[in-house]
Amino acid sequence: MADLKAIASQIRRDILRMVHGSKSGHPGGSLGCTEFLTALYFKAMKHDPKFNMDAPGEDLFFLSNGHISPVFYSTLARSGYFDVKELATFRKINSRLQGHPATHEHLPGVRIASGSLGQGMSAAIGAALTKKLNRENTTVYSLHGDGELDEGQIWEAAMFAAHHKVDNLISTIDWNGQQIDGPTDKVMSLGNIQEKFNAFGWTTLEMNGNDMDDVIAGLDKAKALKGKGKPIAIMMHTIMGKGVDFMENDHNWHGVAPNDEQLAKALAQLPETLGDY
Amino acid sequence: MLLKEIQSTGNKDTRSGFGDGIVEAARKNSNVVALTADLAGSLKLNQFIKEFPERYIQCGIAEANMMGIAAGLTIGGKIPFTTTFANFSTGRVYDQIRQSIAYSGKNVKICASHAGLTLGEDGATHQILEDIGLMKMLPGMTVIVPCDYAQTKAATEAVAEFQGPVYLRFGRPVWPIFTAGKPFAIGKAQYFSDGSDVTIFACGHLVWLAIQAGAILQEKGISVEVINMHTVKPLDEEAVLKSLRKTKCAVTAEEHNIIGGLGDAIAQCAAKNFPVPIEYVGTKDTFGESGVPTDLLKKYGLDTPDIVAAAEKVIQRKKNS
């Protein structure tokens, strides 16, 4: 567990240095989902960094809220999909690390483009159906922003997954209560997201997405619920900007890069554990 | 070749060609799966569902989700065929196709029925006349518009073997069958006659009307080349230019807005390589309306006499230039 927390600290440093380096990107949601991505790639998922798009026998992860690409890229690099030095090319010309994840430049670890919101749950369901058709007992994970739930396609997908008993799917909602224009309650009230998924026929559970022990326990619990005829949704409570005191709970850090001074102040709060890229 | 000698060997809707073609494709390849958005009957999937129930996925009336699921199914090797009307296969789900399928390079076959005016009585809400343009603008998308039952069946089988995203467009009405037994290859133009005065490039239902128009022109002593451009993208530029260098003028005929469709593709090819006068038969930047298909083709200027008139006009323009 200590190791996972150390990895998360390094990933947070990567996130901040990447968005600072390109003077653009989305640090807020990335920092909030760091424990989750770390736990997935370093503990929960069976996966092979020698990337194979079709991934027979592997668990799969789909990032639907593609704007938190910094945490995704850092996690992939730190788990061996590509050299961590490549993180320095984030959002720059001729890079495989596009602003939003893409397969077009063949970055290992990315299986579909995301960024235009609301599409990732459908893709994850499709991949989960293929796993079932191929008689695999593997798990497909997806991650969604709470603001992303404004998109109607999410609810089309939610209805489908329950109807077709896609019970090898674990979809996690990053419930931080923030979106670009402000708190979700002010922009578009989501109501009780958990009750909504329950009503759609999913099995749901909650976890604290910024407590590594709770994330590990939550993912274990979700996996134990697989194969029981219902898709599984995790309501993951997080703090946007987690780990950097002046970014926490402030939607203004959704999509803004820190300046030199802010970067130094932020990095001082996060131990360098694996060596900066 | 005398075009009046080309006879129809029967009448059937092109969508039935799709329904029969996907069964053949599924028998050959166990990775073929079919998705629909509550239009399995209209897309003639009955036999597929009977033979391959495990490989059939009902999505309900949720086309955006269907496109995303299709994209995801490709991961692990499935070859998904999405089925719904052309309008709901393209305009309604453009961003899903753009991001999850085209940009992501997914091997999805978007199969679209009830395209164009010949959908008929349902009217303009369902008669999409912009879909060829929408789809051909997407990088990496192959766009195929077969002309009859037999060619739609052949094209359906061919796209299953083809790697990459495809838009396959067909329709609702019963239409003459005239390509039975003829070879079909994606990206290869199909010749019905050789000529030296004018070329008629057509796709979809209008190929049959182009052959009728060509027969009338031949009776008038005009040497006409009728070419079926079933693959609108990638365009068989070699065939287009070979013909234009011979005839030095062309008519394009399609059940689509003249903006963005086959006509645009031919014109761009000509403008870049060998500029010649071109006349366009298609809808003139307008929506359709309810009516019997044949009446609609007449009213909107897509009928045989319209192709004849366009050919005569373009030959005159060539002479005047």
Quick check, is A:Asp14 charged (D, E, K, R), surrounded by fewer than 24 Cβ atoms within 10 Å (Cβ to Cβ) and in a helix (DSSP H, G or I)?
no
Cβ-Cβ distance below 6 Å, separation of 6 or more or different chains: which pairs start in the range B:87-102 with a residue that is within 21 Å of B:His256 (Cβ to Cβ) and end on one that is charged (D, E, K, R)?
B:Phe88/B:Glu63; B:Thr90/B:Asp131; B:Arg92/B:Glu63; B:Val93/B:Glu63
Filtering the range A:21-55 down to residues that are closer than 25 Å to A:Gly182 by Cβ, crowded, with 21+ Cβ neighbours inside 10 Å and not aliphatic (A, V, I, L, M) yields A:Gly25, A:His26, A:Pro27, A:Gly28, A:Gly29, A:Ser30, A:Gly32, A:Cys33, A:Thr34, A:Glu35, A:Phe36
What number of residues within the range B:205-229 satisfy the criterion of being more than 26 Å from B:Asp285 (Cβ to Cβ) and either open to solvent by 10 Å² or more (accessible area, probe 1.4 Å) or modelled with pLDDT under 95 (or both)?
8
Exactly one of A:Ser122, A:Ser116 is within 10 Å of another protein chain (Cβ to nearest Cβ) and touching a Lys or Arg at 6+ places or on another chain (Cβ under 9 Å), and that residue is A:Ser116
With the condition being out of contact with any His (no Cβ under 9 Å at 6 or more places or on another chain) and under 29 Å from B:Asn320 (Cα atoms), I'd like the strands (runs of 3 or more DSSP E) fully within the range B:164-211 carrying at least 1 qualifying residues.
B:198-202
Looking at A:Ser24, is it part of a loop (DSSP other than H, G, I, E, B) and modelled with pLDDT of 95 or more?
yes
Could you check the range B:82-93 and list, in sequence order, the residues that are closer than 18 Å to A:Gln119 by Cα and either open to solvent by less than 10 Å² (accessible area, probe 1.4 Å) or among the basic types (Lys, Arg) (or both)?
B:Thr82, B:Ser89, B:Thr90, B:Arg92, B:Val93
Of A:Leu87, A:Leu60, the only residue that is buried (at least 20 other Cβ atoms within 10 Å of the Cβ), in contact with a strand residue (DSSP E or B) (Cβ under 8 Å, 6 or more places away or on another chain) and either under 21 Å from A:Arg111 (Cβ atoms) or at pLDDT below 95 (or both) is A:Leu60
Tally, over the range B:230-268, of residues that are open to solvent by less than 10 Å² (accessible area, probe 1.4 Å), more than 21 Å from B:Leu119 (Cα to Cα) and in a loop (DSSP other than H, G, I, E, B)
1
State whether one or more residues within the range A:38-51 are part of a loop (DSSP other than H, G, I, E, B) and either at pLDDT below 95 or hydroxyl-bearing (Ser, Thr, Tyr) (or both).
no
From the set of residues in the range B:61-81 that are free of Cβ contacts under 8 Å to residues at least 40 places away in the same chain and more than 7 Å from chain A (Cβ to nearest Cβ), which is most open to solvent (accessible area, probe 1.4 Å)?
B:Ile61
Would you check which residues across the range A:69-113 are under 16 Å from the mean Cα position of the chain (by Cα) and facing another protein chain (nearest Cβ under 8 Å) and list them?
A:Ala102, A:Arg111, A:Ile112, A:Ala113
Is it the case that the range A:131-144 has a residue that's outside any loop (DSSP other than H, G, I, E, B), at the interface with chain B (Cβ under 10 Å from one of its Cβ atoms), surrounded by fewer than 24 Cβ atoms within 10 Å (Cβ to Cβ) and in contact with a helix residue (DSSP H, G or I) (Cβ under 8 Å, 6 or more places away or on another chain)?
yes
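The values are calculated or read from the model by the stated rules, or taken from the named source; none is laboratory data. Quick caveat: nothing in here was measured; it's all calculated off a predicted structure. Here Cβ is always computed from backbone atoms with ideal geometry, including for glycine, and neighbour counts include all displayed protein chains. Accessible surface areas use protein heavy atoms only, side chains included; no ligands, DNA or RNA. Shrake-Rupley method; radii C 1.70, N 1.55, O 1.52, S 1.80 Å.
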